[in-house]
Amino acid sequence: MELPKNYSPKESETKWLEFWEKEKIYAFTPESKAEIYSIDTPPPTVSGKMHLGHSFSYSQQDFVVRFHRMLGKNIFYPFGTDDNGLATERMIEKMKNVKGQFMKRKEFVDLCLKTLEEIRPDFVYDWKRIGISADYNVFYTTINEHCQRTSQRSFIELHKMGRIYRRRAPFIWCPECQTAIAQVEMKDNEREGRMVYIKFNTTLGEQITIATTRPELLPACVAIHIHPEDKRFKHLIGARAKIPFSNREVKITANRDVDMDFGSGIVYHCTYGDMDDVKWLEELKIEPIEILNKDGVLNEKAGRFKGLHIKKARDAVIKALEEEGRIAKIEPIRHVVNVHERCGTDIEILNTEQWYIKYLDLKDDFIKYGKKIKWYPEHMRVRYENWVNGLKWDWNISRQRHFGIPIPVWYCKKCNEIIIAEEKQLPVDPLADKPLKKCKCSSNEFIGEKDVLDTWATSSLTPDIAIELFDKKMQKNLFPMSLRPQAHDIITFWLFNTVVKSYFHHKRIPWHDVMISGFVLDPHGKKMSKSKGNVIEPQFMINKYSADALRFWAAGSRLGDDMPFQEKDLVTGHKFTTKIWNAAKFASLHLGDYKLQRPSKLHLTERWILSKLSKVVKEATQSFMNYEYSHTKLETETFFWHVFCDNYLEIIKDRLYNADKRGEGARISAQYGLYNVLLTIIKLMAPVMPFITEELYQLYYKKHEKIKSIHLTKWPEIKMIDEHAEHIGDFVVKVIEYARKQKTMKQLSLKTPIKKLTVRAKIEEIDFDEVEAEIKAATSAEHIVFEPTRGKHPEKELEVEVEF
């Protein structure tokens, strides 16, 4: 069958999306006896549409999955959406022009769920459109009843283990989102700031100067700290300092944590500037002064600054200090500030009731678990270990939000006993439901917990969420999972927390392998952001080129590397698509009468290319096994352009067109080589470019191979290694390339006849005889003179002379 003149990716790609879905090409088969390859698919956050980073990392994981599918494995590749987090809540507030905190909880939750149902299909389609070969029927959302049940059960089990506790304590708080956040949800923001040197009076009659970047917390000052070995100031230890704008005095104490070289060398202790303030409060048994409300506004304990937002209070305090002559100096500095990674707001420390998972005593175990997992690339494990070693606090899992999975807890109105839900009543909403039994004090009146679980407390259970869509027997076959693919920025979020939950619930690692992808940067190596105006939308690139071209670009980066986006890489992918289409079109012209017969004698040219191709297959297979998909793509691409198109197709044309002169056996050998080499190239590129390869397979190969889709065919195997054939074949190529070069230099057409071609080479005459006709046809030589140099002096490897 002859192929159409041109390939239309827009028509083809949507056609094959429908075909794959209708024919269930990527469906997991529970009853299959084949080896299972299971993926803990990252559920993308429903907070907009797919961005370029998504298309980059999800394509890379899909390359690997498609490879294992072609190895004949039964692929468990679920797809879920993460839609119970703050990002989704913020998106819905913006879309619907509402503020969740001012609505009744049920009303806001219902609005969120309804909106998600409306927007989720279009959101998921973006992943289908780039060819992610998940089984979309094995689907979950991190807010549905199935996930709520799994997440709440985890809470109950951890509580039974004695690993969950509730405590009122100072902890990290976001005034913008008005919720507690975990250590992992903070990020460092480097910025310009001011170091303010404030003058304090002391009971010794001396004035001291204290440097701080947070003068707005002055009303919350509870102590002054001096290093006991600081000769400049140690005589002040035990005295008291007077707080400006008040009649309060605070004690000057010895504290070895003080950095004598920072600022003035004296630290003022306020509640709370950072977690060091919390530590000192506990060590020195000091009563806190809490001046900050949950919304970031100063309260009555701030005195004259009551009602000011923390952002404005800094300037107000500095101005008041200047009016009283209390400012020694102000220095501009560049420093790092902790912010909430979701909204970018400076974090504060507030004293609130929160739920925690106790795990600081298990850091060594978590390190051991990390070492049991195979990391690709291996160096990413260092990030994991650095995070574990740097943990300072237990995991805060409660959030002060409306939308999320409720913490399954009630409090007895009479005795304040904590009542934990029973597993058989899950999922439960304590604000709407009641415990199944009375309190041990016989009371039947309860107050439901308002807080919800941190989204990572649920996302850390994705292996359980996915496998529990099947029965207990299948769950054992699916866990531990084969692979966790993800980006490097959430090693500390998702990966670590999943290891934690797997440690507690399964006492096993959650996956055998993890593959960690990098970031996409703008063409200048800068991070993409809407504010910078350098965001590139994958949907636009797909429309301009194709999904295959976008995936081709993603395959150009080594796993784990950050990569600047270069549109020229998509242009290269588009050119590859055009070239392989034209090569297949040429093949279809000459394979119409091919009956899949193997020739009685395989021509040396076929032995040459099949041997070279076998080496490519060997390298490609090994590369994929090591998650080095970029090597497979490069090896195949190079072979296709330079060996197959530039040389092999040119060399076999004479045998294909002139069967009457060259003999039917020679033509069948060429057909055999053309059929198998092109099919193998298509298979090698199928994981990277699934659409064009499916199109080519369906148009010609399917009727012969009898398998429904290229993506269900068998991964190529090594056909033969023939070093001698490779040596002779490479000799042929060198002769042809020399002849072409001479014609180009003389600005002649490549079809210009050569009157005499003289070849001196270190090969046997019998080998030359087998390829002479190929050389003659490919160079348009009228007469060839061959002189073997083996055993002669000098024993030249190759020498060519051309006469026109």
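The values are calculated or read from the model by the stated rules, or taken from the named source; none is laboratory data. Keep in mind it's a predicted model, so treat the numbers as computed, not measured. Here the Cβ is made from the backbone with ideal geometry for all residues, glycine too, and neighbour counts use every protein chain on show. The protein model used for the area step is the full one, side chains on, heavy atoms only, and it has no ligands, DNA or RNA in it. Shrake-Rupley method; radii C 1.70, N 1.55, O 1.52, S 1.80 Å.
Give P121, P170 a once-over and let me know the one that is farther than 30 Å from I310 by Cα and either open to solvent by 10 Å² or more (accessible area, probe 1.4 Å) or charged (D, E, K, R) (or both).
On the way: P170 fails: farther than 30 Å from I310 by Cα.
Testing whether each residue is farther than 30 Å from I310 by Cα and either open to solvent by 10 Å² or more (accessible area, probe 1.4 Å) or charged (D, E, K, R) (or both) leaves just P121.
Please go through (1) touching a Ser or Thr at 6+ places or on another chain (Cβ under 8 Å); (2) farther than 28 Å from T142 by Cα for E378 and return the number of the only condition it doesn't satisfy.
Single failed check for E378: (1).
Mind checking which residues of the range 652-677 are polar (S, T, N, Q) and either assigned to a helix (DSSP H, G or I) or crowded, with 24+ Cβ neighbours inside 10 Å (or both)? Steps first, please.
As a first pass, look at the range 652-677 and keep what is polar (S, T, N, Q): 658, 669, 671, 676.
Passing the criteria: S669, Q671, N676.
List pairs: first in the range 1-21 and farther than 29 Å from K595 by Cβ, second assigned to a loop (DSSP other than H, G, I, E, B), Cβ under 6 Å, 6+ apart or cross-chain?
From the range 1-21, the pairs are P9/S546.
Looking only at the range 457-498, how many residues end up being charged (D, E, K, R) and assigned to a helix (DSSP H, G or I)? Break it down into steps so the answer makes sense when it comes.
Step one: of the range 457-498, the residues charged (D, E, K, R) are 464, 468, 471-473, 476, 484, 489.
With assigned to a helix (DSSP H, G or I) added as a condition, the list becomes 464, 472-473, 476, 489.
Residues in the range 457-498 being charged (D, E, K, R) and assigned to a helix (DSSP H, G or I): 5 in total.
Of everything in the range 134-165, what is part of a loop (DSSP other than H, G, I, E, B), touching a Phe, Trp or Tyr at 6+ places or on another chain (Cβ under 7 Å) and surrounded by fewer than 21 Cβ atoms within 10 Å (Cβ to Cβ)? Give them in sequence order. Give the steps one after another, and end with the answer.
Looking only at the range 134-165, we keep the residues that are part of a loop (DSSP other than H, G, I, E, B), and these are 134-138, 142-144, 161-163.
So of that shortlist, the ones also touching a Phe, Trp or Tyr at 6+ places or on another chain (Cβ under 7 Å) come out as 134-136, 138, 161, 163.
Those that are part of a loop (DSSP other than H, G, I, E, B), touching a Phe, Trp or Tyr at 6+ places or on another chain (Cβ under 7 Å) and surrounded by fewer than 21 Cβ atoms within 10 Å (Cβ to Cβ): D135, Y136, V138, M161, R163.
Failed condition for E89, given (1) among the acidic types (D, E); (2) farther than 19 Å from H146 by Cα; (3) over 23 Å from the mean Cα position of the chain (by Cα), with all others met?
So the condition that E89 fails would be (3).
So for the range 178-191 (the condition being over 30 Å from H402 (Cα atoms), of a type outside the set (V, I, T) and either touching a Ser or Thr at 6+ places or on another chain (Cβ under 6 Å) or open to solvent by less than 50 Å² (accessible area, probe 1.4 Å) (or both)), does at least one residue qualify?
We begin by selecting, within the range 178-191, every residue over 30 Å from H402 (Cα atoms); these are 190-191.
With of a type outside the set (V, I, T) added as a condition, the list becomes 190-191.
Next, only the ones that are either touching a Ser or Thr at 6+ places or on another chain (Cβ under 6 Å) or open to solvent by less than 50 Å² (accessible area, probe 1.4 Å) (or both) stay: none.
Within the range 178-191 (the criterion being over 30 Å from H402 (Cα atoms), of a type outside the set (V, I, T) and either touching a Ser or Thr at 6+ places or on another chain (Cβ under 6 Å) or open to solvent by less than 50 Å² (accessible area, probe 1.4 Å) (or both)), the answer is no, since none of the residues qualifies.
Could you please let me know if T693 is crowded, with 19+ Cβ neighbours inside 10 Å and more than 21 Å from C645 (Cα to Cα)? Steps first, answer last, please.
Working: crowded, with 19+ Cβ neighbours inside 10 Å: yes; more than 21 Å from C645 (Cα to Cα): no.
Criteria not met by T693.
Yes or no: the range 630-640 includes at least one residue that is more than 26 Å from the chain's Cα centre (by Cα) and either open to solvent by 20 Å² or more (accessible area, probe 1.4 Å) or among the β-branched types (V, I, T) (or both). So that I can check it myself, show each step before the final result.
Taking the range 630-640 and keeping what is more than 26 Å from the chain's Cα centre (by Cα), we get 638-640.
From what's left, either open to solvent by 20 Å² or more (accessible area, probe 1.4 Å) or among the β-branched types (V, I, T) (or both): 638.
For the range 630-640, residues more than 26 Å from the chain's Cα centre (by Cα) and either open to solvent by 20 Å² or more (accessible area, probe 1.4 Å) or among the β-branched types (V, I, T) (or both): present.
Go through F786, F768 for me and flag whichever is part of a strand (DSSP E or B) and modelled with pLDDT of 90 or more. Let's see the steps before the verdict.
Details: F768 fails: part of a strand (DSSP E or B).
Criteria check complete, one pass: F786.
Scan (1) outside any strand (DSSP E or B); (2) at negative phi; (3) in contact (Cβ under 8 Å) with a residue 60 or more places away in the chain for the single condition G263 breaks and write down its number.
Here G263 clears every test but (2).
Could you check the range 494-525 and list, in sequence order, the residues that are surrounded by fewer than 20 Cβ atoms within 10 Å (Cβ to Cβ) and either of a type in the set (A, V, I, L, M, F, W, C) or at pLDDT 95 or above (or both)?
Within the range 494-525, Y503, F504, H505, H506, K507, R508, H512, D513, F519, L521 meet the criteria.
Quick one: E606 ticks every box in (1) open to solvent by less than 10 Å² (accessible area, probe 1.4 Å); (2) modelled with pLDDT under 95; (3) of a type in the set (D, E, K, R) except a single one, so which number is it?
Of everything listed in (1) open to solvent by less than 10 Å² (accessible area, probe 1.4 Å); (2) modelled with pLDDT under 95; (3) of a type in the set (D, E, K, R), E606 misses just condition (2).
Residues that are of a type outside the set (F, W, Y): list the strands (runs of 3 or more DSSP E) wholly contained in the range 327-421 that include at least 3 such residues. Please lay out each step first, then the result.
Details: elements: 327-340, 348-357, 374-376, 409-412, 418-420.
Filter on the range 327-421 gives 327-340, 348-357, 418-420.
Hey, among M528, M563, which residue is open to solvent by 30 Å² or more (accessible area, probe 1.4 Å), in contact (Cβ under 8 Å) with a residue 40 or more places away in the chain and not acidic (D, E)? So that I can check it myself, show each step before the final result.
Details: M563 fails: open to solvent by 30 Å² or more (accessible area, probe 1.4 Å).
The match here is M528.
How many residues are closer than 14 Å to A739 by Cβ, open to solvent by 30 Å² or more (accessible area, probe 1.4 Å) and in contact (Cβ under 8 Å) with a residue 24 or more places away in the chain when one looks only at the range 751-775?
Residues in the range 751-775 being closer than 14 Å to A739 by Cβ, open to solvent by 30 Å² or more (accessible area, probe 1.4 Å) and in contact (Cβ under 8 Å) with a residue 24 or more places away in the chain: 5 in total.
Looking for whichever is among the hydroxyl-bearing types (S, T, Y), touching a strand residue (DSSP E or B) at 6+ places or on another chain (Cβ under 9 Å) and either exposed (fewer than 14 other Cβ atoms within 10 Å of the Cβ) or within 18 Å of K251 (Cβ to Cβ) (or both) here; the options are T202, T213. Which one fits?
Values: T213 fails: either exposed (fewer than 14 other Cβ atoms within 10 Å of the Cβ) or within 18 Å of K251 (Cβ to Cβ) (or both).
One residue alone meets the criteria, T202.
Every residue in the range 716-750 that is closer than 21 Å to G673 by Cβ and open to solvent by less than 30 Å² (accessible area, probe 1.4 Å), please. Don't jump to the end; show me each part of the working.
To start, the set of residues in the range 716-750 that are closer than 21 Å to G673 by Cβ comprises 716-737.
Once the filter is applied, which keeps residues that are closer than 21 Å to G673 by Cβ and open to solvent by less than 30 Å² (accessible area, probe 1.4 Å), the range 716-750 yields P716, A725, E726, I728, G729, F731, V732, V733, V735, I736.
Please determine whether any residue of the range 247-257 is surrounded by 15 or more Cβ atoms within 10 Å (Cβ to Cβ) and in a loop (DSSP other than H, G, I, E, B).
Within the range 247-257, one or more residues are surrounded by 15 or more Cβ atoms within 10 Å (Cβ to Cβ) and in a loop (DSSP other than H, G, I, E, B).
Does the range 102-112 include one or more residues that are within 21 Å of E537 (Cα to Cα) and hydrophobic (A, V, I, L, M, F, W, C)?
Within the range 102-112 (the criterion being within 21 Å of E537 (Cα to Cα) and hydrophobic (A, V, I, L, M, F, W, C)), the answer is no, since none of the residues qualifies.
For the range 38-56: of the residues being of a type in the set (S, T, N, Q) and open to solvent by 20 Å² or more (accessible area, probe 1.4 Å), which is farthest from V535 (Cα to Cα)? Before the answer, list the steps.
As a first pass, look at the range 38-56 and keep what is of a type in the set (S, T, N, Q): 38, 41, 45, 47, 55.
Restricting the remaining residues to those that are open to solvent by 20 Å² or more (accessible area, probe 1.4 Å) gives 45, 47.
Details: T45: 18, S47: 16 Å.
Ranking the qualifying residues of the range 38-56, first place goes to T45.
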